[in-house]
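The values are calculated or read from the model by the stated rules, or taken from the named source; none is laboratory data. Because the structure is predicted, anything quoted here is derived from the model rather than measured. Here the Cβ positions follow ideal geometry from the backbone for every residue, glycine too, while neighbour counts run over all protein chains shown.
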Amino acid sequence: MKFSPEKLNIPDQRMKPFIDPSEIWDLINNTKPDKAAVRDVIAKSLDKQRLTLRETAILINSVGTDLADEIKEGAKTLKEKVYGNRIVLFAPLYVGNRCINNCKYCGFRASNTGAVRKTLSDQEIIMEVEALEDNGQKRLILVYGEHPDYSPEYIAHTVKLVYSIKKGPGEIRRVNINAAPLDIEGFRTVGAAGIGTYQIFQETYHPEAYTWYHLGGKKRDYEYRLTALDRAQEAGIDDVGIGALFGLYDWRFEVLGLVRHTNHLEACYNVGPHTISFPRIKDAMSLNLDNKYETTDDDFKKLVAILRLAVPYTGLILTAREAPDVRREVMQYGVSQIDGGTKLELGSYSDTKNENQNLNREQFKINDSRSLADVIDELLDNDYIPSFCTSCYRMGRTGEHFMEFSVPGFIKRFCTPNAILTLSEYICDYGRGETIDKGWKVIEKNIAKLEPGVASQTREKIERIKAGERDLYF
């Protein structure tokens, strides 16, 4: 059902700015919650209802260790209800770091003359993807700077190229995009290549702060970036991802900005974002920012739990910017996707000799450089199901169709067995040593929790995987 303001007799707010800083600050400054109010909001979220801005502000302004713990416990419970204990894995692949923008927080900014500029050739892309496939990756996000070289036609070309690369049992089944905002025709061109999610981070939702950080290039236009995913929706891309870079402005404002963005997309297109990302500022070459808005570990853990409660059906992405110990804890509070085996330097997946990070060839520093195998091993130890599932995208369960399944919580019926099947593939094709035994034990434990009919079908598909079939899903 497409949005029709004429039939609903309401103003058409598509592709119009929707952030009112005074509204957000009024909620932050004047919402004074008590324990009962906080618990009522948590209960509403556990009923799988998205929270309003005011309700989110109640959680933000809650004080005291007891309430913080209740918020985190609520988020853990909600995550289990909606997504089960699976964690979806992916890897970023940087295609090119040429950029015309001048963002103070980014190592790729145009004024950083020390950055080594590079765009991977087609052959280099093939080598990178083959190296990723050798490790068992099935899901990639392709990352591009904002530059005329990275036109919609070029992005579409690289997407098709990645999908075409097969090595042994390896293949990439979902290609997501992190690139500059496009016009509607540009989004149509990229969408026609068969992408998954188109991801654009606003960085900061505060207009004045945004202007201060963005000194030049197209990205300086706050409103054009803010409405970018409206144009994606208008172009037929109904699977979009939003995000903010925490540390640029007050974390409370950014959380409400993300929720407001979610509200806007739902009001205009009947579907919220597929994912929300919340990276924190990390080291980058020639980075020169003060720590006025530094997001502490405690605040970070709280904001992740609040986001999970605020938007129960939306995937939360936790990146390798965070150290393993932080990732280990925060993952409990509702995270559904993480990257593993991440390398940011262009060409580094296939360059086995270059083991050290080189900030003059990276956008920022990562703090979890463990291999994909090590990340999977830890997930198994902590009773998660590592998942490479891509079934929703390929079965058309995106946009409004995804909402039909995910909002009531039915997605777990698909996610758990599909996670089990992709883990079975990984064990058969890439498992080593103790990982194999641990993986089958986790699989058996989780099959036992499925409905009998689904469990039987899952076991049957696993036997087919063991016999050599691949890419089986519900």
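Is there a residue being touching a Ser or Thr at 6+ places or on another chain (Cβ under 7 Å), in contact (Cβ under 8 Å) with a residue 12 or more places away in the chain, among the aromatic types (Phe, Trp, Tyr) and closer than 18 Å to GLY241 by Cα anywhere in the range 91-100?
Looking for residues that are touching a Ser or Thr at 6+ places or on another chain (Cβ under 7 Å), in contact (Cβ under 8 Å) with a residue 12 or more places away in the chain, among the aromatic types (Phe, Trp, Tyr) and closer than 18 Å to GLY241 by Cα, one finds none in the range 91-100, hence no.
Quick check, is ASP383 modelled with pLDDT of 95 or more, surrounded by fewer than 18 Cβ atoms within 10 Å (Cβ to Cβ) and not in a helix (DSSP H, G or I)?
Judged against the criteria, ASP383 is a match.
Where in the range 1-115 are there helices (runs of 4 or more DSSP H), lying fully within it, with 3 or more residues that are among the aliphatic types (A, V, I, L, M) and outside the structural domain of PRO312 (by TED's automatic domain parsing)?
Here the list reads 21-30, 35-46, 53-60, 65-83.
Take the residues of the range 41-55 that are more than 24 Å from the chain's Cα centre (by Cα) and within 22 Å of ILE28 (Cβ to Cβ): which is surrounded by the most Cβ atoms within 10 Å (Cβ to Cβ)?
That would be VAL41.
Evaluate the following for GLU254: is it buried (at least 21 other Cβ atoms within 10 Å of the Cβ), over 23 Å from ILE195 (Cα atoms), of a type outside the set (A, V, I, L, M) and more than 15 Å from the chain's Cα centre (by Cα)?
yes
For the range 304-332, give me the residue count where each residue is closer than 23 Å to ASN176 by Cβ and either part of a helix (DSSP H, G or I) or not hydroxyl-bearing (Ser, Thr, Tyr) (or both).
16
Of the residues in the range 421-472, how many are part of a loop (DSSP other than H, G, I, E, B) and either surrounded by 17 or more Cβ atoms within 10 Å (Cβ to Cβ) or of a type in the set (A, V, I, L, M) (or both)?
Looking only at that region, the number is 5.
Restricting the first residue to the range 136-165 and requiring it to be within 17 Å of PRO181 (Cβ to Cβ), which pairs with a second residue that is among the aromatic types (Phe, Trp, Tyr) and not in a loop (DSSP other than H, G, I, E, B) meet a Cβ separation below 7 Å and a spacing of at least six or different chains?
ILE141/PHE90; VAL143/TYR94; TYR150/TYR144; ILE155/TYR144
Restricting attention to the range 216-235, does a residue exist that is more than 24 Å from CYS103 (Cα to Cα) and of a type outside the set (A, V, I, L, M)?
Scanning the range 216-235, I find at least one residue that is more than 24 Å from CYS103 (Cα to Cα) and of a type outside the set (A, V, I, L, M), so the answer is yes.
Return the pair list, or none, for Cβ contacts closer than 8 Å from residues in the range 233-247 that are under 19 Å from TYR210 (Cα atoms) and in contact (Cβ under 8 Å) with a residue 12 or more places away in the chain to residues that are acidic (Asp, Glu) and assigned to a loop (DSSP other than H, G, I, E, B), at least 6 apart or on different chains.
That search, which allows pairs on different chains as well, returns GLY247/GLU294.
Per-residue answers, yes or no, for (1) of a type in the set (A, V, I, L, M); (2) in contact with a His (Cβ under 8 Å, 6 or more places away or on another chain); (3) outside the structural domain of PHE388 (by TED's automatic domain parsing); (4) closer than 23 Å to PHE388 by Cβ:
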position: VAL143; (1), (2), (3), (4): yes, no, no, yes
position: HIS147; (1), (2), (3), (4): no, no, no, no
position: GLU153; (1), (2), (3), (4): no, no, no, no
position: VAL159; (1), (2), (3), (4): yes, no, no, yes
position: LYS166; (1), (2), (3), (4): no, no, no, yes
position: GLY170; (1), (2), (3), (4): no, no, no, yes
position: ASN178; (1), (2), (3), (4): no, no, no, yes
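Looking only at the range 345-374, which residues are at pLDDT 90 or above and either more than 27 Å from LYS438 (Cβ to Cβ) or surrounded by fewer than 22 Cβ atoms within 10 Å (Cβ to Cβ) (or both)?
GLU345, LEU346, GLY347, SER348, SER350, ASN367, SER369, ARG370, SER371, LEU372, ALA373, ASP374
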